[in-house]
Amino acid sequence: MGKVAIPSDVMLFSSIIYKEDAALSSALDMLEERFGPRSFTSDIMAFDYTSYYEKELGSPLVRVFVAFERLVPRDQLAGIKLSTNDLEAQLAYPDGKRSVNIDPGLITLENVVLATTKPYSHRIYLGKGIWCEITLMYRRNSYSPMEWTYPDYGSSDVIDIFNALRERLKRQGVGRQNSRLGRALAKPDKML
């Protein structure tokens with residue numbers, strides 16, 4: 001029988017797609033209020049892999065990635081996605097259109113995981129109307145895209161960002177699991 005082990009906390013990141021600098025500034029302030037200080041902010045990158053968001057957000061669109069100092073439990077991802085959806089609603093224009101798209105995810109030593117509200121065959125339901133997918137898998141000394149990975153996440157520039165953030169995570173002493181917590185949880189009070 002396998003031993004129950006709770007995985008180590010991991011790095012929370014968000015992709016923020018926007019048109020107006022004021023929307024980004026507000027989003028960053030609100031994200032830090034909820035998730036703590038940022039440890040990383042990428043350079044601004046053109047977001048031109050798809051026109052999916054242009055009808056709502058306008059164009060031209062740009063993106064930044066941010067990561068946060070405080071590590072989070074992996075099982076908090078659904079709640080984090082609900083929180084970022086709430087932030088998008090608070091930052092929406094009076095007509096209800098979003099001013100930013102905030103996509104949170106987790107950076108682990110094994111993979112990069114994205115949260116979404118959209119089900120699909122390769123996504124796993126987390127609860128509360130939220131799904132997740134492994135977007136990048138770590139193998140052969142780098143994150144690598146999956147067959148379903150969005151093209152922008154599979155680009156070398158974005159993979160370089162996540163590889164650098166993974167190194168930061170490693171320097172924080174994060175392992176794959178926390179066996180002490182797993183032992184405590186492996187003693188159930190009763191069977192259901």
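The values are calculated or read from the model by the stated rules, or taken from the named source; none is laboratory data. What you are looking at is a predicted structure, and each value in this text was computed from that prediction instead of being measured. Positions of Cβ are backbone-derived with ideal geometry, glycine not excepted, and every protein chain shown enters the neighbour counts.
Name the residue that is nearest to GLU147 (Cα to Cα), counting only residues in the stretch 104-125 that are touching a residue at least 40 places away in the same chain (Cβ under 8 Å) and surrounded by fewer than 19 Cβ atoms within 10 Å (Cβ to Cβ). Steps first, answer last, please.
To start, the set of residues in the stretch 104-125 that are touching a residue at least 40 places away in the same chain (Cβ under 8 Å) comprises 104-110, 112.
Now drop any that are not surrounded by fewer than 19 Cβ atoms within 10 Å (Cβ to Cβ), which leaves 109-110.
Values: LEU109: 20, GLU110: 17 Å.
Applying the filter and picking the extreme gives GLU110.
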Next on the checklist: modelled with pLDDT of 95 or more, more than 24 Å from VAL174 (Cβ to Cβ) and charged (D, E, K, R): which single residue out of LYS55, LYS19, LYS81 fits that description?
Outcome noted: LYS19
Next on the checklist: Quick check on the stretch 95-122: of everything there that is out of contact with any helix residue (DSSP H, G or I) (no Cβ under 6 Å at 6 or more places or on another chain) and of a type in the set (Val, Ile, Thr), which residue is farthest from SER8 (Cα to Cα)?
Outcome noted: THR117
Checklist entry - Is there any pair linking a residue in the stretch 73-96 that is touching a residue at least 40 places away in the same chain (Cβ under 8 Å) and more than 20 Å from ALA22 (Cα to Cα) to one that is part of a helix (DSSP H, G or I) and small (Gly, Ala, Ser), with Cβ under 7 Å and at least six apart or on different chains, and which? => result none
Item to check | Residues satisfying the stated conditions in the stretch 126-151, i.e. surrounded by fewer than 17 Cβ atoms within 10 Å (Cβ to Cβ) and either without any contact (Cβ under 8 Å) to a residue 60 or more places away in the chain or among the hydrophobic types (A, V, I, L, M, F, W, C) (or both) | outcome: GLY127, LYS128, GLY129, MET137, ARG139, ARG140, ASN141, SER142, SER144, MET146, GLU147, TRP148
Next on the checklist: Would you confirm whether or not the stretch 19-38 contains a residue that is surrounded by 12 or more Cβ atoms within 10 Å (Cβ to Cβ), aromatic (Phe, Trp, Tyr) and touching a residue at least 40 places away in the same chain (Cβ under 8 Å)?
Outcome noted: yes
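Kindly indicate whether LEU57 is under 19 Å from the mean Cα position of the chain (by Cα) and either buried (at least 17 other Cβ atoms within 10 Å of the Cβ) or among the β-branched types (Val, Ile, Thr) (or both). Talk me through it step by step, then tell me what you get.
Numbers: under 19 Å from the mean Cα position of the chain (by Cα): no; either buried (at least 17 other Cβ atoms within 10 Å of the Cβ) or among the β-branched types (Val, Ile, Thr) (or both): yes.
So LEU57 does not fit the description; no.
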Item to check | Listing of helices (runs of 4 or more DSSP H) fully contained in the stretch 1-112 that carry 3 or more residues being small (Gly, Ala, Ser) and out of contact with any His (no Cβ under 8 Å at 6 or more places or on another chain) | outcome: 21-35, 77-90
